[in-house]
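First up is the structure itself, then whatever we jot down about it.
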Amino acid sequence: GAVVSQHPSWVICKSGTSVKIECRSLDFQATTMFWYRQFPKQSLMLMATSNEGSKATYEQGVEKDKFLINHASLTLSTLTVTSAHPEDSSFYICSAKAAGTSPTEQFFGPGTRLTVL
Amino acid sequence: AQTVTQSQPEMSVQEAETVTLSCTYDTSESDYYLFWYKQPPSRQMILVIRQEAYKQQNATENRFSVNFQKAAKSFSLKISDSQLGDAAMYFCAFYRGGSNYKLTFGKGTLLTVNP
């Protein structure tokens, strides 16, 4: 199956700093990528949908100025958590949909654990 | 808006036995897709099984099968001959179709498999 990677897998940062998380589709072109947030023992909550070359669409309640999403190429999307605070500590997961495939074909990355001190 | 409800926060099963995880959903759509995803301790989301709402036949993937009751808006997952590797968090998910491809997830059921 298609592979999606995320980097880093775990990051610790100080409060007030910014952190960038990368999501890459390794063997396919991803026209659409999704960013989810998952708190411990909870479900995945969709944060935003990004389409290559256009602005991301954010879900209600997600601050677009705090969670900057860039999808500059068909294989890379980035999520930047700006001015991170301890409440931003969470597990962030991306998924990607390949161009021209069934709408139900989404592939998930392994996730990134963010800890803000 | 669609909602997905998993009423069992935790379930346990003996190795080699069968277990059924429940999922109900609410939608006004007539054509949609339902999924079960597995999230083991590694946190990697793995698609277990998928069901198209227009198909009356229940989907099956080896030891995994679903009981899809469209009128009741119910979509349960049956795991037969449970194995230790089946231990994970299981999420039911809904996709209503269309071009946004958004998935709505339930809160999950933590499955423990006892040897």
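The values are calculated or read from the model by the stated rules, or taken from the named source; none is laboratory data. Keep in mind it's a predicted model, so treat the numbers as computed, not measured. Every residue, glycine as well, gets a Cβ built from its backbone with ideal geometry; the counts of neighbours run over all protein chains shown.
Quick look at the values:
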read-out: Extreme residue, nearest to B:L21 (Cα to Cα), among residues of the stretch B:105-115 that are within 8 Å of chain A (Cβ to nearest Cβ) and crowded, with 21+ Cβ neighbours inside 10 Å; value: B:G108
read-out: Residues of the stretch B:46-74 classified as within 14 Å of chain A (Cβ to nearest Cβ), of a type outside the set (S, T, N, Q) and under 17 Å from B:L21 (Cα atoms), total; value: 7
read-out: Test: residue in the stretch A:67-77 that is modelled with pLDDT under 95, over 29 Å from B:Q2 (Cα atoms) and small (G, A, S); value: yes
read-out: Residues satisfying the stated conditions in the stretch A:1-16, i.e. of a type in the set (S, T, Y) and out of contact with any Lys or Arg (no Cβ under 8 Å at 6 or more places or on another chain); value: A:S15
read-out: Pairs with Cβ under 9 Å, 6+ apart, first in the stretch B:1-26 and in contact (Cβ under 8 Å) with a residue 60 or more places away in the chain, second exposed (fewer than 11 other Cβ atoms within 10 Å of the Cβ) and not in a loop (DSSP other than H, G, I, E, B); value: B:E15/B:L84
read-out: Residue ranges of strands (runs of 3 or more DSSP E) in the stretch A:8-117 with at least 2 members within 14 Å of chain B (Cβ to nearest Cβ), under 18 Å from B:F94 (Cα atoms) and under 11 Å from the mean Cα position of the chain (by Cα); value: A:30-38, A:44-51, A:90-98
read-out: Number of the condition not met by B:L84 [criteria: (1) over 17 Å from A:F107 (Cα atoms); (2) among the aliphatic types (A, V, I, L, M); (3) within 14 Å of another protein chain (Cβ to nearest Cβ)]; value: (3)
read-out: Meets criteria (facing chain A (nearest Cβ under 10 Å), loosely packed, with under 13 Cβ neighbours inside 10 Å and not basic (K, R)) for B:G98; value: yes
read-out: Of all residues making up the stretch B:11-45, the number that are among the charged types (D, E, K, R) and within 13 Å of chain A (Cβ to nearest Cβ); value: 3
read-out: Pick from the stretch A:78-102, criterion closer than 26 Å to B:I46 by Cα and surrounded by fewer than 16 Cβ atoms within 10 Å (Cβ to Cβ), ranking: modelled with the highest pLDDT; value: A:T80
read-out: Output for the stretch A:14-69, where each listed residue is basic (K, R) and either in contact with a His (Cβ under 7 Å, 6 or more places away or on another chain) or surrounded by fewer than 17 Cβ atoms within 10 Å (Cβ to Cβ) (or both); value: A:K14, A:K20, A:K41, A:K55, A:K64, A:K66
read-out: Elements of type strands (runs of 3 or more DSSP E) in the stretch B:12-58, at least 1 residues being surrounded by 12 or more Cβ atoms within 10 Å (Cβ to Cβ) and of a type in the set (K, R); value: B:33-39, B:46-52
read-out: Hits in the stretch A:1-46 - residues which are of a type in the set (K, R) and closer than 25 Å to A:T57 by Cβ; value: A:K20, A:R24, A:R37
read-out: Condition met for B:D81 (over 27 Å from A:W35 (Cα atoms) and either surrounded by fewer than 16 Cβ atoms within 10 Å (Cβ to Cβ) or touching a residue at least 24 places away in the same chain (Cβ under 8 Å) (or both)); value: yes
